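J.: Take this structure, written in structure tokens, and hold onto it; I'll ask about it next.
Laboratory data are not the source of any read-out in this text; all were calculated from the coordinates shown. Please read all numbers here as calculations on a predicted model, not as lab measurements. Note that we place each Cβ from the backbone using ideal geometry, even for glycine, and neighbour counts take in every protein chain shown.
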Protein chains: 2
Amino acid sequence: APQLNGYFQQVDALADAFIERLRQAVAIPSISADPARRPDVVRMAKFLESELIKLGAQVELRELGRQPGSDVNLPPVVLARYGNDKNKRTILVYGHYDVQPAEKSDGWDTEPFELTVMPDGRMCGRGATDDKGPVLGWLNAIQAHQAAGIDFPVNLLMCFEGMEEYGSEGLDDLIYEEAKKFFADTDAVCISDNYWLGTERPCLTYGLRGCNYYNIEISGPGADLHSGVFGGTVEEPMTDLVRILSSLVDTNGKIQIPGIYEQVAPVTPEEEGLYDDISFNMETLYESLGSKTTIYDDKKKTLMARWRFPSLSIHGIEGAFSGAGAKTVIPAKVIGKFSIRTVPNMDIEKTNEAVSRYVEAVFKSLGSKNTMKVYPQHTGMWWVASPNHWNFTAAAKAIERVWGVKPDFTREGGSIPVTLTFEKATGKNVLLLPMGSSTDGAHSINEKLDKRNYIEGIKLLGAYLHYVAEEPME
Amino acid sequence: APQLNGYFQQVDALADAFIERLRQAVAIPSISADPARRPDVVRMAKFLESELIKLGAQVELRELGRQPGSDVNLPPVVLARYGNDKNKRTILVYGHYDVQPAEKSDGWDTEPFELTVMPDGRMCGRGATDDKGPVLGWLNAIQAHQAAGIDFPVNLLMCFEGMEEYGSEGLDDLIYEEAKKFFADTDAVCISDNYWLGTERPCLTYGLRGCNYYNIEISGPGADLHSGVFGGTVEEPMTDLVRILSSLVDTNGKIQIPGIYEQVAPVTPEEEGLYDDISFNMETLYESLGSKTTIYDDKKKTLMARWRFPSLSIHGIEGAFSGAGAKTVIPAKVIGKFSIRTVPNMDIEKTNEAVSRYVEAVFKSLGSKNTMKVYPQHTGMWWVASPNHWNFTAAAKAIERVWGVKPDFTREGGSIPVTLTFEKATGKNVLLLPMGSSTDGAHSINEKLDKRNYIEGIKLLGAYLHYVAEEPME
Ligand SMILES: [Zn+2]
Ligand SMILES: [Zn+2]
Ligand SMILES: [Zn+2]
Ligand SMILES: [Zn+2]
């Protein structure tokens, strides 16, 4: 096992400096959704660049050109390399330096862009956990190695983007373009941009569901009508739409479309056994849900429903009345929106076809004179990695060393599309290694990162790189 | 029959002056929905006041106080009396001097607040037909009588409001308060604020449907959820809502709620005969609809569905995703909005109970853990008057005299709530006497009033008052 005590001691010794670094980062309101804040996003990229240069990394701010449909440029991607030793492995890490919008008036207890450290260790501020804390984690790990006089165990490639919270415009192209250039010597990828399943046990994430998002468009009259004048005389698109939407899924979440469950990989006894040990309980779920309106009352069924079975959610309707109050409109054209979370071994095309076939049959059964179109608005593939790869075993050993427990091996119900892009572009194993916990409230008011998760997380990132250097490579 | 030729000649002679008066009125953008335009609405009231004073009427601008929820005053109601002869009948007329919003950029071919007279006689401008043309019709009728030196046949009470397009706030209270005061000697009421059924035959309207507007509120989680994290594990309020909405009505407009059709007055053979002669054809309907997506292909069934049978329309959903694009939200609380158009002899309370009972039973059958509430957001009674009353027979004779045809006796599918208020408050017969035609496009871009409808309409209003003076009173 690697000698890590000197490194760990320096992380503890530098804790205040690392919190100060996070304070400086949080103070830059790098909100990517708002073009007016673009100068702050760029300022954040320059802050990272200057910090990385001080640590001796090579850095490039890669411009991505104009943001489509706007008159501002996209923020640059920060590409950096620390170490270039042919005898070391090369790990590519990804994170994002942009943040979700936040205003005190949204209900924050503290100023969102002033990192506030509470007596209980919560460090509150926008971006603290998503994703400035983890991004700075890599810089802090470098610094602590230098302070401890310990050789850095790998070559580190860094890719930090500034547009993640607003669609990662331009990133995929850059990754594919650099796969055989800047990222060419990558041996494995590590992404720190998700969360523990709970608050106590660290986890490693090896799977994500995909997402197929569908529109059902129904139109009839040439323009919106008044229900007093036309109610009872025309076939209303909304009547047809709610009938179709009601045929997709039942209250218990069972998808009614034939050809979906048939594609799902069967549960093996081995997989089923994995769920028993996972640190997760329904009480914590009820708390984060704010209600007890779950479909299942037990942990295993709930986790399986979230990670390894598809689900269908109806999100809303475009074109209908959606305001407060009362409007007596007959909408002329309505677009129902729903999505299916996909899992192994579902196929995007096969799923699209099953949806089209079913929705068209239901619409036909209505005998309506209206016009119906159903089509995918976007699709994204599920992702599952092998948790037996050295990238994962190294991380698991690092977790045991730092936290004294074996990690949960988890999947996520949502999608992190860049994961699949890195896997495809580099052909290498990708590991999701979270720093924050389930109560951090990324995207919510009072976002926080616990001081413990930040400091131990820095130790973990460094330890992970040391174990990577020691793992036998297949 | 009354001597009307001198009056008609003066209406023709003054046609340009009457169009000029309409031009001045249209030029005042008296948009009641926008508090910032309130000074223009008040300016319109003062314009009417000054025109009425010039004609020798007594006028009062009655203030209604602060607009609830805003920091501006409601526009005044213009109350006026022309003539106070105990030996004459007294007719109370109602109209509104406010208009719908309009901007050239909405797609108007002309400036909405500049009256533009086209070579084919269309007079385009916001408010031309709804309702400034009809309101000025009464003033023009007075002026033409004076020019012809013909004694005005009745005492005319006028009630012109400035808030009709935004809820008629405060008007009902005023009507009830003045019923035994300013409106005390009213013998009958005439409202000119609706339209012919088509473009060729004038009509008299003796019925309106009512409207019960319902909310179905379903809530589960404490806040909106991400479908990646929670899809498949929680019972989603949208799933329940679309199932309930889909159970209300079918594609052919048939209401599925027991206890609705049971309340509808049966069709008598006499009533059925009325429909054959009505000037209405499906081609015109298809044109105004912009499609052929009607439930029925024949005139009689279509008119009956619009006038004398209830209908149910689903208007939209509050709280769900309603924008363009894709959002993977699981809405925590959604409110479905639908309304039922009511007809004789439906009872508001009985209908509310039938809706509650049915929706609650459907929700119960879902076995959902979510919470559901169903309640009426507002209700308004249907209205039917006797078309055999002297108020109607006088108007029918006037139409034959001016237009040379017998009028259609029509109902409307929509509601004009002030009609019922006047009937209840005064206890007198109310007549709806439209000036414009079905193609006028009130509330749309390119609103217009045909010059022919305006000028002949002024003749009609005057003629109606002469026939009123001659009718035997029961
Ligand atoms: Zn993130
Ligand atoms: Zn985020
Ligand atoms: Zn009107
Ligand atoms: Zn109107």
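J.: Under a crude label model (7 Å from the Cα following the beta-carbon direction), how far is residue A:200 from residue B:71 in nanometres?
T.: Result: 5.5 nm between the two label points.
J.: Continuing with the same structure: I need to check one value: relative contact order of region B:1-90, counting alpha carbon pairs closer than 8 Å and at least 6 residues apart, in percent. Intermediate results must be reported in sequence, preceding the final value.
T.: Details: 83 pairs, mean separation 17.2, N = 90.
For region B:1-90, the relative contact order is 19 percent.
J.: Using a cut-off of 13 Å between beta-carbons, work out the net charge of the residues near residue A:50 (Lys and Arg +1, Asp and Glu -1, residue A:50 not included). Present the calculation step by step, with values, prior to reporting the outcome.
T.: Numbers: positive: A:21, A:43, A:46, A:54; negative: A:49, A:51.
Neighbour charge sum, excluding residue A:50 itself: +2.
J.: Now a separate question. Taking R0 as 22 Å, what FRET efficiency do you get between residue B:256 and residue B:215 from their Cβ-Cβ distance, rounded to the nearest 0.05? Intermediate results must be reported in sequence, preceding the final value.
T.: Values: r = 18 Å, r/R0 = 0.84.
Computed FRET efficiency for residue B:256 and residue B:215 comes out at 0.75.
J.: Leaving out same-chain residues fewer than 8 places away, which aspartates and glutamates sit with a Cα under 17 Å from that of residue B:406?
T.: B:200, B:276, B:277, B:456
J.: Tell me which residues come under 5 Å, amide H to amide H, from residue A:444 once H is placed; ignore anything under 5 positions away on its chain.
T.: Hits under the 5 Å cutoff: none.
J.: Just for the Cα atoms in region B:1-47, what are the lengths along the principal axes, largest first, rounded to whole Å?
T.: Extents along the principal axes: 48, 22, 15 Å.
J.: Nearest 20 debye, what's the magnitude of the dipole of the protein assembly as shown about its Cα centre given +1 on Lys and Arg Cβ and -1 on Asp and Glu Cβ? Mind dumping the intermediate values first?
T.: Values: 96 positive and 130 negative charges, 79 e Å.
Charge dipole, the protein assembly as shown, about its Cα centre: 380 debye, nearest 20.
J.: Could you give the dipole magnitude of chain A about its Cα centre, charging the beta-carbon of Lys and Arg +1 and that of Asp and Glu -1, in debye to the nearest 20?
T.: Numbers: 48 positive and 65 negative charges, 74 e Å.
Roughly 360 debye, rounded to the nearest 20.
J.: Given the rule -39500 (n - 2.57) for each run of at least 4 DSSP H residues, summed and divided by the residues of chain A, what is its mean residue ellipticity at 222 nm, to the nearest 500 deg cm²/dmol?
T.: On the way: 14 runs with 162 residues, N = 474.
Only helices count here, giving -10500 deg cm²/dmol.
J.: How much net charge surrounds residue B:397 when only the other residues with a Cβ under 12 Å from the Cβ of residue B:397 are counted, with Lys and Arg +1 and Asp and Glu -1? Spell out each step's value before the answer.
T.: Working: positive: B:401, B:406; negative: B:400, B:470, B:471.
Net of charged neighbours comes to -1.
J.: Just to confirm the numbers: residue B:264, label point 7 angstrom along the Cα-Cβ line, distances to the other copies in nm, shortest first?
T.: Label point to label point, same position, other copies: 4.4 nm.
J.: Under the classification rounded if a/c is under 1.5, otherwise prolate if a/b is larger than b/c and oblate if not, where does region B:314-449 fall, given a ≥ b ≥ c as square roots of the Cα gyration tensor eigenvalues? Don't skip to the answer; put the middle values down first.
T.: Working: a/c = 3.77, a/b = 1.86, b/c = 2.03.
The shape class here is oblate.
J.: Output the pairs from B:299/B:424; A:327/B:333; A:254/A:350; A:54/A:397 with a Cα-Cα distance over 23 Å in this structure; if there are none, say none. Present the calculation step by step, with values, prior to reporting the outcome.
T.: Working: B:299/B:424 33 Å; A:327/B:333 19 Å; A:254/A:350 19 Å; A:54/A:397 31 Å.
Beyond 23 Å: B:299/B:424; A:54/A:397.
J.: Let me ask something else. Taking a cut-off of 16 Å, what percent of all Cα-Cα pairs in region A:57-98 are separated by more than that?
T.: Values: 451 of 861 pairs.
Counting pairs separated by more than 16 Å, the tail of P(r) holds 52 percent.
J.: Just to check I understand the Karplus step: with θ = phi - 60° and J = 6.51 cos²θ - 1.76 cosθ + 1.60, what whole-Hz values come out for region B:72-86, glycine and proline as x?
T.: Working through the residues one at a time gives 10, 7, 5, x, x, 8, 8, 9, 9, 10, 10, x, 8, 9, 4 Hz.
J.: How would you classify region A:140-192 from its alpha-carbon gyration tensor, with a ≥ b ≥ c the square roots of the eigenvalues: rounded for a/c under 1.5, else prolate if a/b is greater than b/c, otherwise oblate?
T.: Values: a/c = 3.54, a/b = 1.72, b/c = 2.06.
Oblate, because a/c is 1.5 or more while a/b does not exceed b/c.
J.: Continuing with the same structure: Principal axis lengths of region B:119-170 from Cα atoms, whole Å, largest first?
T.: Per principal axis, max minus min of the Cα coordinates gives 40, 39, 10 Å.
J.: At 37 °C and 0.692 mPa s, what whole-number value in µm²/s does Stokes-Einstein give for the translational diffusion of region A:71-193, with Rh from the Kirkwood sum over Cα pairs? Walk me through the numbers on the way to the answer.
T.: Values: Rh = 16.4 Å.
D, rounded to a whole number, is 200 µm²/s.
J.: Kirkwood hydrodynamic radius, computed over distinct alpha-carbon pairs, for region A:150-263: how many Å, to one decimal? Kindly include the intermediate steps, with their values, before the conclusion.
T.: Numbers: mean 1/r = 0.0480 Å⁻¹.
Across region A:150-263, the inverse of the average 1/r is 20.8 Å.
J.: Here is a further query. Which of the listed residues, B:170, B:204, B:462, is farthest toward the dipole's positive end in chain B, when Lys, Arg count +1 and Asp, Glu count -1 at the beta-carbon?
T.: The Cα lying farthest towards the positive end belongs to B:170.
J.: How far is residue A:118 from itself in the other copies, in nm, if each label sits 7 Å out from Cα along the Cα-Cβ line, shortest first?
T.: 6.6
J.: Whole-Å semi-axes of region A:177-231's equivalent ellipsoid, largest first, each the root of 5 times a Cα gyration tensor eigenvalue? Working shown, then result.
T.: Numbers: eigenvalues 504, 104, 17 Å².
They are 50, 23, 9 Å, listed largest first.
J.: Of the beta bridges DSSP finds with both residues in the protein assembly as shown, what % are antiparallel, to the nearest 5? Working shown, then result.
T.: Details: 98 of 142 bridges.
Percentage antiparallel, nearest 5: 70.
J.: Please work out the Cα convex hull volume for chain B and give it in Å³ per residue.
T.: Roughly 167 Å³ of hull volume per residue.
J.: Just subtract the alpha-carbon distance of residue B:12 and residue B:86 from 0.36 nm times their residue separation and send over the number in nm, one decimal.
T.: On the way: separation 74, 0.36 × 74 = 26.64 nm, distance 3.10 nm.
Taking residue B:12 through residue B:86 to full extension adds about 23.5 nm, to one decimal.
J.: Here is a follow-up. Taking the Cβ of each residue in B:340, A:150 as the centre, tally the other Cβ atoms inside 10 Å and list the residues starting with the fewest.
T.: A:150, B:340
J.: Relative to the longest principal Cα axis of chain A, at what angle does helix A:348-366 sit, 0 to 90 degrees, rounded to 10?
T.: It works out to around 20 degrees.
J.: If r is the Cβ-Cβ distance from residue A:373 to residue A:469 and R0 is 41 Å, what FRET efficiency results, to the nearest 0.05? If you can, show how the numbers build up before the last one.
T.: Values: r = 55 Å, r/R0 = 1.34.
Efficiency, from the Cβ-Cβ distance: 0.15.
J.: Something else: Using every pair of alpha-carbon atoms in region B:1-96, split the distances into 10 Å bins beginning at 0 and state the percent of pairs per bin, rounded to integers.
T.: Answer for region B:1-96: a P(r) of 13, 34, 33, 15, 5, 0 percent.
J.: Looking at region B:11-93, which GluC sites (Glu not before Pro) are in a loop (DSSP not H, G, I, E or B) and have at most 14 other Cβ atoms within 10 Å? Could you put the intermediate results ahead of the total?
T.: Numbers: sites: B:20, B:49, B:51, B:60, B:63; in loops: B:63.
Qualifying residues, ordered by number: B:63.
J.: Next up: Between residue A:181 and residue B:34, how high is the FRET efficiency from 1/(1 + (r/R0)^6) when r is the Cβ-Cβ distance and R₀ = 51 Å? Nearest 0.05.
T.: On the way: r = 58 Å, r/R0 = 1.13.
The computed FRET efficiency comes out at 0.30.
J.: Evaluate the charge dipole of region A:45-179 about its Cα centre and quote only its size in Debye, nearest 20, assuming +1 on the Cβ of each Lys and Arg and -1 on the Cβ of each Asp and Glu. Working shown, then result.
T.: Working: 12 positive and 24 negative charges, 144 e Å.
With Lys and Arg at +1 and Asp and Glu at -1, about 680 debye.
J.: At a 10 Å Cβ-Cβ cut-off, how would you order A:26, B:362, fewest neighbours first? Please list the in-between numbers first.
T.: Working: A:26 27, B:362 21.
With the sparsest Cβ surroundings first, the list reads B:362, A:26.
J.: Turning to a different aspect of this structure: Against the longest alpha carbon principal axis of chain A, how many degrees, from 0 to 90 and to the nearest 10, is the axis of helix A:38-54 turned?
T.: Rounded to the nearest ten degrees, it is 20.
J.: Which of rounded, prolate or oblate describes region B:230-368 when judged by the alpha-carbon gyration tensor and an a/c cut-off of 1.5? Don't jump to the answer; show the numbers that get you there.
T.: Details: a/c = 3.41, a/b = 1.66, b/c = 2.05.
In terms of gyration-tensor shape, oblate.
J.: Oh, and also: Once amide H atoms are placed 1.01 Å from N in the peptide plane, what residues at a sequence separation of 5 or more from residue A:89, or on another chain, have their amide H within under 5 Å of its amide H?
T.: A:155
J.: Could you tell me the distance between the Cα centroids of region A:281-334 and region B:15-88, to the nearest Å?
T.: With region A:281-334 and region B:15-88 each reduced to a Cα centre, they are spaced 51 Å.
J.: Using a Cα-Cα cut-off of under 17 Å, which lysines could be cross-linked to residue A:86, ignoring same-chain neighbours fewer than 8 residues away?
T.: Qualifying lysines at Cα under 17 Å: A:180, A:181.
J.: For chain B, what is the percent of antiparallel DSSP beta bridges, rounded to the nearest 5? Present the calculation step by step, with values, prior to reporting the outcome.
T.: Details: 48 of 69 bridges.
Around 70 percent antiparallel, to the nearest 5.
J.: Label points 7 Å out from Cα along the Cβ direction at residue A:299 and residue A:405: separation in nm?
T.: Result for the modelled spin labels: 1.1 nm.
J.: Taking amide H atoms as placed 1.01 Å from N in the peptide plane, list the residues 5 or more away in sequence, or in a different chain, whose amide H sits under 5 Å from that of residue A:315.
T.: Excluding prolines and chain starts, which carry no amide H, the hits are A:337, A:338, A:339.
J.: Around residue B:199, under 11 Å between beta carbons, what's the net of Lys plus Arg minus Asp minus Glu among the other residues?
T.: On the way: positive: B:201, B:452; negative: B:200, B:287, B:440, B:450.
Every neighbour counted, the sum reads -2.
J.: I need the phi-derived Karplus couplings for region A:392-403: 6.51 cos²θ - 1.76 cosθ + 1.60, θ = phi - 60°, integer Hz, Gly and Pro marked x.
T.: Each residue's phi maps through the Karplus curve to give 6, 5, 4, 5, 5, 5, 4, 5, 4, 5, 7, 9 Hz.
J.: Across peptide A:246-257, how many C-beta atoms of other chains are within 10 Å of each residue C-beta, on average?
T.: Partner-chain Cβ atoms within 10 Å, mean over residues of A:246-257: 5.
J.: Bin width 20 Å, origin at 0, all Cα-Cα pairs of the protein assembly as shown: what percent of pairs per bin?
T.: Result returned by the calculation: 13, 35, 26, 18, 7, 1.
J.: Moving on. Which ³J(HN,Hα) values in Hz, rounded to whole numbers, follow from the phi angles of region B:424-435 under the Karplus curve 6.51 cos²θ - 1.76 cosθ + 1.60, where θ = phi - 60° and Gly and Pro get x?
T.: In residue order, the calculated couplings are 5, 6, 9, x, 10, 5, 10, 10, 9, 10, x, 9 Hz.
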